[in-house]
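K.L.:
Just dropping this structure here.
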Amino acid sequence: MRSFLGFEVRRSLSSPVNLVFLAGFPVLLYLLWTKVLDLASGPVSMVSMATYGAMGGALFIGGAIAMERASGWLRQLAVTPLPAHGYIVAKLVAGMLAVLPSVVIVLAAGALLGGVRLPAGTWLVLPLLIWIGVAPFAALGVAFGYSFRGQSANIVTMVVFFLLAVLGGLWLPVSRMPEGLRVVAEHSPAYQAGSLGWRALDGLPPTGTSVLVLVAWTALFVVLGVWRYRRTAWR
Amino acid sequence: MLELTDLTKKYGEVTALDGVSLRVREGEKVALLGPNGAGKTTLLSIALGLLAADSGTARLLGRPPRETLAAGLAGVLLQDAGLPEEVKVADLVAAVAGMYPTPSAPDLGDLAGRRVTTLSGGQRQQVRFALALAGDPALLILDEPTVGLDVDARRALWRRIQGRTVVFATHYLAEADDHADRVVLLSGGRIVADGPVEEIKALVGGTEVRLTLDAMDAPTLRSLPGVRDVVVEGASATLRTGDSDATLRALFAAFDGVRNVRTSGAGLESAFVSLTGEER
């Protein structure tokens with residue numbers, strides 16, 4: 001299955017759409033927040049936007065699966081020796097690898113354009129934390145990919161992406177939210193994904209709550225994904 | 001190589017397959033013929049394990065179809081298979097070939113460097129065929145393989161399947177005639193005829209008589225000695241007869257104005273019409 005994995009990785013890394021969508025858009029938003037509107041602090045917004053882009057990349061793995069289900073490419077793969085789980089693994093690995101450069105680009109924009117200064121160790125650990133933090137969204141994306149076909153999966157994903165990002169305080173800090181909503185927000189996956197990076201800015205490790213909440217969401221989305229996948233498999 | 005036993009499949013009220021059994025031996029080239037809706041694609045889907053039969057069993061190379069496909073022992077061309085759009089044809093074929101125990105890189109000519117997005121329908125079909133051959137399989141299962149192909153691509157396709165066991169669905173009778181050594185005729189979910197091409201033609205038997213008659217009179221034509229059926233199109237008619245000498249004698253006696261009379265052995269086309277009861 002290595003040939004297919006390599007094919008998928010090259011495909012996803014060479015996609016200009018990915019780069020614009022996952023890196024270009026968050027960089028623009030970051031510059032808008034910090035330079036033009038002056039609404040947010042540089043480093044926090046940089047981490048928020050890198051997480052936002054990474055989250056989109058993870059979620060839209062499912063969009064790609066839904067498109068390939070609709071086009072009939074999955075029917076073709078079903079008659080090759082590639083096992084169905086091999087397809088999902090290749091999609092996940094390739095999709096998550098494509099997220100990494102986009103995170104680095106947003107952080108580089110923070111350092112080069114936004115003048116963010118951090119200890120070298122923090123620069124190293126930050127992309128990894130953000131990358132790991134968005135893992136639940138990859139699982140959720142796969143669940144969407146096997147629940148909806150073609151373009152409808154992209155629309156659903158886009159809506160959920162936006163709602164979760166806003167709820168998670170990636171656009172505006174949750175501290176500005178009303179009390180009730182804030183409690184919900186703090187238990188949402190996007191907030192906890194972001195908090196890994198936000199705490200790292202102050203040199204702090206992830207809290208136990210963060211890890212617990214992220215693991216719980218990941219488990220839930222994996223169960224959802226496996227259920228949806230079992231119902232549709234190659235179709 | 002392929003063994004289907006007593007397959008039935010219903011879609012709601014519609015019976016797609018009604019007790020179909022089929023056995024294909026090594027080296028055979030079998031054409032699966034039938035009008036649209038005869039059950040060809042349903043039969044192939046079950047044979048490939050893509051669809052579950054209501055009852056009956058399917059075996060590919062002696063094993064459940066999915067196992068045989070997972071082992072990379074059969075090459076398949078599906079009618080409705082999509083392709084990833086933004087990739088190069090050569091990369092795509094190499095990725096699929098790499099999944100098989102014996103990867104083979106079919107010669108794709110000019111297509112190799114092109115992106116899938118830029119290909120025409122016929123060129124996409126060539127890519128699908130290349131994917132079916134990517135594992136150099138001994139058994140090929142092809143659903144409507146020549147749809148959209150030009151003459152050269154068609155010829156290349158039939159050349160490339162040489163030396164393999166092939167089951168192909170088609171609605172081009174000429175293809176079955178030229179490239180199959182056995183024809184399985186499917187109609188209404190049943191196999192209505194199965195045998196060598198010549199045998200199927202003989203099954204219908206007789207001779208075709210084509211003629212032009214300005215004062216067309218189908219009932220009289222039908223009543224001529226030996227005539228089994230008559231197809232009228234405007235001023236021309238085609239008779240199928242079991243005794244062409246008697247038919248012709250009576251024909252000339254009955255009609256002064258008959259002209260352009262030609263006779264020929266009944267073709268696969270008439271076999272098709274007569275056995276499936278459908279005009280194509």
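K.L.:
Does a label point 7 Å from the Cα of B:Ser264, set along Cα-to-beta-carbon, have any residues of segment B:171-188 with amide nitrogen under 18 Å, and which are they?
P.N.:
B:172-179
K.L.:
Considering only protein heavy atoms and a probe of 1.4 Å, how much of the accessible area of chain B is carbon and sulfur, as a whole percent?
P.N.:
Exposed carbon and sulfur together represent 48 percent of the surface.
K.L.:
Pop out the ³J(HN,Hα) list for segment B:171-176 in order, Karplus 6.51 cos²θ - 1.76 cosθ + 1.60 with θ = phi - 60°, rounded to Hz; leave Gly and Pro as x.
P.N.:
10, 8, 4, 4, 5, 4
K.L.:
Based on the mean of other Cβ atoms within 10 Å per residue, sort peptides A:57-66, B:245-254 so the most packed one is first.
P.N.:
A:57-66, B:245-254
K.L.:
In debye, nearest 20: dipole of segment B:2-194 around its Cα centre with unit charges on the Cβ of K, R (+) and D, E (-)?
P.N.:
Once rounded to the nearest 20, the dipole reads 220 debye.
K.L.:
Within segment B:1-29, find all residues whose amide N lies under 11 Å from a label point positioned 7 Å from the Cα of B:Ser55 along Cα-to-beta-carbon.
P.N.:
Answer for segment B:1-29: B:6-9, B:19.
K.L.:
Got a sec? Charge dipole of the protein assembly as shown, +1 on Cβ for Lys and Arg, -1 for Asp and Glu; which of B:Ala95, B:Leu61, A:Leu201 is way out at the positive end?
P.N.:
Of B:Ala95, B:Leu61, A:Leu201, it is A:Leu201.
K.L.:
Does any residue of segment B:83-101 lose at least 40 Å² of accessible area with all protein chains in place compared with its chain alone, and if so which ones (probe 1.4 Å)?
P.N.:
Residues passing the criterion (a loss of at least 40 Å², heavy atoms only) are B:Pro84, B:Ala95, B:Met99.
K.L.:
Excluding residues on the same chain fewer than 8 positions from A:Lys91, give the aspartates and glutamates whose Cα lies under 12 Å from its Cα.
P.N.:
Filter leaves A:Glu8, A:Glu68.
K.L.:
Next up: Size of the dipole of the protein assembly as shown about the Cα centre, Lys and Arg at +1 and Asp and Glu at -1 on the beta carbon, nothing else charged, in debye to 20?
P.N.:
Approximately 1580 debye in magnitude.
K.L.:
Please list the helices of chain A that count as membrane-span-like by this rule: a mean Kyte-Doolittle hydropathy of at least -0.5 together with Cα atoms stretching 30 Å or more along the helix axis, each helix being a complete DSSP H run.
P.N.:
What comes out of the filter, once short or polar helices are dropped, is A:42-71, A:84-112, A:208-232.
K.L.:
Could I ask something else about it? According to the square roots a ≥ b ≥ c of the eigenvalues of the Cα gyration tensor, what is the shape class of chain B, taking rounded for a/c under 1.5, prolate for a/b larger than b/c otherwise, and oblate for the remainder?
P.N.:
Because a/c hits 1.5 or more and a/b exceeds b/c, chain B counts as prolate.
K.L.:
So for the protein assembly as shown, taking the charge dipole from beta-carbon charges (+1 Lys/Arg, -1 Asp/Glu), which of A:Ile61, B:Gly109, B:Leu48 sits furthest toward the positive end?
P.N.:
It is A:Ile61.
K.L.:
Next up: Would you mind checking which residues have amide H under 5 Å from B:Ser187's amide H? H placed 1.01 Å from N; only 5 or more apart, or other chain.
P.N.:
B:Val192
K.L.:
Let me ask you something else. Would you mind checking which residues have amide H under 5 Å from B:Leu51's amide H? H placed 1.01 Å from N; only 5 or more apart, or other chain.
P.N.:
B:Ile46
K.L.:
Return the calculated 222 nm mean residue ellipticity for chain A, to the nearest 500 deg cm²/dmol, obtained by summing -39500 (n - 2.57) across DSSP H runs with n ≥ 4 and dividing by the residue count.
P.N.:
-24500 deg cm²/dmol
K.L.:
With each pseudo-label sitting 7 Å past Cα toward Cβ, what's the B:Glu86-B:Thr15 distance in nm, one decimal?
P.N.:
For the pair B:Glu86/B:Thr15, the computed spacing is 5.0 nm.
K.L.:
As a test of the definition: with a 1.4 Å probe, what buried accessible area, both sides summed, do you compute for A against B, in Å² to the nearest 100?
P.N.:
1900
K.L.:
Put +1 on the Cβ of every Lys and Arg and -1 on every Asp and Glu Cβ in chain A; which of A:Ala219, A:Ala90, A:Leu118 then has its Cα farthest towards the positive end of the dipole?
P.N.:
Going by the Cα projections, it comes out as A:Ala90.
K.L.:
Which of the peptides A:122-128, B:65-71 is most tightly packed, and how do the rest follow, going by the mean number of other Cβ atoms within 10 Å of each residue?
P.N.:
Ranked by mean Cβ neighbours within 10 Å, highest first: B:65-71, A:122-128.
K.L.:
Let me ask another. Hey, can you list the residues from segment A:1-41 whose accessible area shrinks by 40 Å² or more with all protein chains present, relative to the chain by itself (probe 1.4 Å, no ligands or nucleic acids)?
P.N.:
Residues shielded by partner chains are A:Ser3, A:Phe7, A:Arg11.
K.L.:
Under a 1.4 Å probe, what is the accessible area of segment B:2-194 per residue, stated in Å²?
P.N.:
40
K.L.:
Return the whole-Å distance between the Cα centroid of segment B:186-263 and the Cα centroid of segment A:175-235.
P.N.:
76
K.L.:
Here is a follow-up. Other chains' Cβ within 10 Å of A:68-79 residues: what's the mean?
P.N.:
6
K.L.:
Using a 1.4 Å probe over the heavy atoms of the protein chains, calculate the carbon and sulfur portion of the accessible area of segment A:2-232 as a whole percent.
P.N.:
That share works out to 74 percent.
K.L.:
Follow-up. What fraction of the DSSP beta bridges in segment B:2-194 is antiparallel, stated in percent and rounded to the nearest 5?
P.N.:
Here the share of antiparallel DSSP bridges comes out near 50 percent.
K.L.:
Using the alpha-carbon centroid of each, what span in Å lies between segment A:5-69 and segment A:110-150?
P.N.:
If you average the Cα positions of each part, the centres end up 8 Å apart.
K.L.:
Please find, in a Gaussian network model of chain A (springs between Cα atoms separated by less than 10 Å), the residue of A:Val79, A:Val104, A:Val17 whose mean-square fluctuation is greatest.
P.N.:
Of A:Val79, A:Val104, A:Val17, the most mobile in the Gaussian network model is A:Val79.
K.L.:
Measuring with a 1.4 Å probe in the full set of protein chains, what accessible area per residue, in whole Å², belongs to segment A:2-232?
P.N.:
So segment A:2-232 comes to 43 Å² accessible per residue, rounded to a whole number.
K.L.:
Turning to a different aspect of this structure: Convert each backbone phi in segment B:149-161 into a coupling constant with the Karplus relation 6.51 cos²θ - 1.76 cosθ + 1.60 (shift: θ = phi - 60°), then list the ³J(HN,Hα) values in order as whole Hz, x for Gly and Pro.
P.N.:
For segment B:149-161, the Karplus curve yields 7, 7, 4, 5, 5, 4, 4, 4, 4, 5, 5, 6, 7 Hz.
K.L.:
Can you list residues whose amide H is under 5 Å from B:Ala169's amide H, if they're 5+ apart or on another chain and H is modeled 1.01 Å from N?
P.N.:
B:Leu32, B:Leu142, B:Asp143, B:Glu144
K.L.:
DSSP beta bridges in the protein assembly as shown, what fraction antiparallel, as a percent rounded to 5?
P.N.:
Among the beta bridges of the protein assembly as shown, antiparallel pairing accounts for roughly 65 percent.
K.L.:
Report the label-to-label distance for A:Leu163 and A:Ala84 in nanometres (one decimal), using points 7 Å from each Cα along the Cα→Cβ vector.
P.N.:
Placing both labels 7 Å along Cα→Cβ, they lie 2.7 nm apart.
K.L.:
Let me ask something additional. What residues of segment B:27-61 lose no less than 30 Å² of accessible area with every protein chain in place versus their chain by itself (probe 1.4 Å, heavy atoms only)?
P.N.:
Residues losing area: B:Leu50.
The values are calculated or read from the model by the stated rules, or taken from the named source; none is laboratory data. This structure is a prediction, so every number in the text was calculated from the model and none was measured. We place every Cβ from the backbone using ideal geometry, glycine too, and count neighbours over all the protein chains shown. Surface accessibility is based on the protein's heavy atoms, side chains included, excluding ligands, DNA and RNA. Shrake-Rupley method; radii C 1.70, N 1.55, O 1.52, S 1.80 Å.
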